[in-house]
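One structure is given here, and the rest of the page talks about it.
The values are calculated or read from the model by the stated rules, or taken from the named source; none is laboratory data. Because the structure is a prediction, the values reported are computed rather than measured. Ideal geometry is used to build each Cβ from the backbone, glycine not excepted, and the neighbour counts take in all protein chains shown. Areas reflect the complete protein model, heavy atoms only, side chains present, ligands, DNA and RNA absent. Shrake-Rupley method; radii C 1.70, N 1.55, O 1.52, S 1.80 Å.
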Amino acid sequence: MSEQKPVLEVNNLSRSFAIESSMLQSITERIRGVKPQLLKALHDVSFSIAAGETLGVLGESGSGKSTLARVLMGIYEPDSGSAMLCGREMFDVHGADRLAVLKNMQMVFQDPFGSLDPRMTVRQIICEPLKIHGMMPQKNLDSFLVKALADVGLEAGALDIYPSEFSGGQRQRIGICRALMLNPGLLIADEAVSALDVSVQAQILELLIRLRTERNLAMLFISHDVAVVRQISERIILLYRGNLVEELPADHLLTHGCHPYTRHLLEAALFLREGARLPESGSGIIPMANFEGCCYRSVCPLSQSECFQRPPLREIAPNHRVACHFARR
Ligand code: SF4
């Protein structure tokens, strides 16, 4: 782990959602005074990111990756836990203080088509965060905007054009430009290249790596794609059903990733690359509303009686933590 003071420090973050039931069932439950069942979308997740560092968040759909991004962005309130961004508490602040915290953290979204308002020109789109935070330059606005576009590889002529006239990759550059207008300390990229062709993905990843280096940005890069996360990250955390099951340096993932879920993801990625059938996974999953013990127990091929106790996230080597009773290096 980096020695620098973290830009983002997250401690024991948890968030649950009520499991949806039919209207009749919910009315009956309410009359009987039965509390709704809760699904733990995030369960005691802790990590940190230093300036100039990218932390990859890897996991399948339903792992809690997007919930994590939404809790950090203030879209969902956490049930418990805390987070410090650039030395400021993130969750216990409101109004202008909350806005000041959020200014330091911006997001690049998955969908380069849906995330830009089609009725706004690029100029209006990239000026929006400046207006919200009262930071519109009083002088030389055009040259400021042209420089911002050039930083993400777009021409000055793009300023007065609508998003519909750009390709997917160019739209994602506009989204990145908008996210950087406030010069944030932390950039959250949520599946930011998943909707793009492979060749365009490579260009956007290169752009993000360059911007991170030039601006000493901390980046939280969320994806289900093992190859993409390995390429851009220094460290990786793996989430399974809201639990952080492993954390390790990105260049150790293939050789030393040892949680059974990590091994399953790596095998699945290899099978996909070679065009073979995916290994069986997920069969026999136990409903997890109030699951005791290891979160991976219902599908783990190595499960034993000890696994009815929740394994702590323990350090098995420098910068390598695993939540499995039997993990070794
Ligand atoms: S603690 Fe048990 S169930 Fe959980 S990953 Fe390890 S071996 Fe599998």
Exercise for review: Please list, ordered by first then second residue, the pairs with beta carbon atoms under 7 Å, 6 or more apart or interchain, first in the stretch 291-310 and closer than 16 Å to residue 241 by Cβ, second polar (S, T, N, Q) and more than 6 Å from the ligand (Cβ to nearest atom).
Suggested key: 293/309; 295/243; 299/281
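Just a yes or no: is a residue in the stretch 192-207 under 15 Å from residue 117 (Cα atoms) and open to solvent by 10 Å² or more (accessible area, probe 1.4 Å)? Don't jump to the end; show me each part of the working.
Keep residues of the stretch 192-207 that are under 15 Å from residue 117 (Cα atoms), which gives none.
The answer is no, given that none of the residues of the stretch 192-207 is under 15 Å from residue 117 (Cα atoms) and open to solvent by 10 Å² or more (accessible area, probe 1.4 Å).
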Practice item. Determine whether the stretch 208-216 contains at least one residue that is touching a strand residue (DSSP E or B) at 6+ places or on another chain (Cβ under 7 Å) and touching a residue at least 24 places away in the same chain (Cβ under 8 Å). Key: yes
Check your understanding: How many of the residues making up the stretch 318-329 are closer than 13 Å to residue 259 by Cβ and away from the ligand (no atom under 13 Å from the Cβ)?
Key -> 3
Exercise for review: Output the number of the condition that residue 228 fails; it satisfies all remaining conditions of (1) part of a helix (DSSP H, G or I); (2) surrounded by fewer than 18 Cβ atoms within 10 Å (Cβ to Cβ).
Suggested key: (2)
Point to revise | Residues (touching an Asp or Glu at 6+ places or on another chain (Cβ under 7 Å) and within 16 Å of the ligand (Cβ to nearest atom)) located in the stretch 206-254 | key: 237, 238
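Could you tell me which of the residues 125, 204, 188, 176 is under 18 Å from the mean Cα position of the chain (by Cα), in contact (Cβ under 8 Å) with a residue 40 or more places away in the chain and in a helix (DSSP H, G or I)? Full working, then the answer.
Values: 125 fails: under 18 Å from the mean Cα position of the chain (by Cα); 204 fails: in contact (Cβ under 8 Å) with a residue 40 or more places away in the chain; 188 fails: in a helix (DSSP H, G or I).
Going through 125, 204, 188, 176 in turn, just one is under 18 Å from the mean Cα position of the chain (by Cα), in contact (Cβ under 8 Å) with a residue 40 or more places away in the chain and in a helix (DSSP H, G or I): 176.
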Study note, to complete from the structure: Of (1) part of a helix (DSSP H, G or I); (2) in contact (Cβ under 8 Å) with a residue 12 or more places away in the chain; (3) over 20 Å from residue 64 (Cβ atoms); (4) not polar (S, T, N, Q), residue 266 fails just (3)
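Among the residues of the stretch 118-136, write down those that are surrounded by 15 or more Cβ atoms within 10 Å (Cβ to Cβ) and over 13 Å from residue 99 (Cα atoms). Give the steps one after another, and end with the answer.
Step one: filter the stretch 118-136 for residues surrounded by 15 or more Cβ atoms within 10 Å (Cβ to Cβ), giving 121-123, 125-127, 129-130.
Residues satisfying the conditions are 121, 122, 123, 125, 126, 127.
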Study note, to complete from the structure: Over the stretch 236-253, the set of residues open to solvent by 10 Å² or more (accessible area, probe 1.4 Å) and at pLDDT 95 or above is 240, 243, 244, 249, 251, 252
Practice item. Could you pull out the residue among 74, 64, 52 that is open to solvent by less than 50 Å² (accessible area, probe 1.4 Å) and under 12 Å from the mean Cα position of the chain (by Cα)? Key: 64
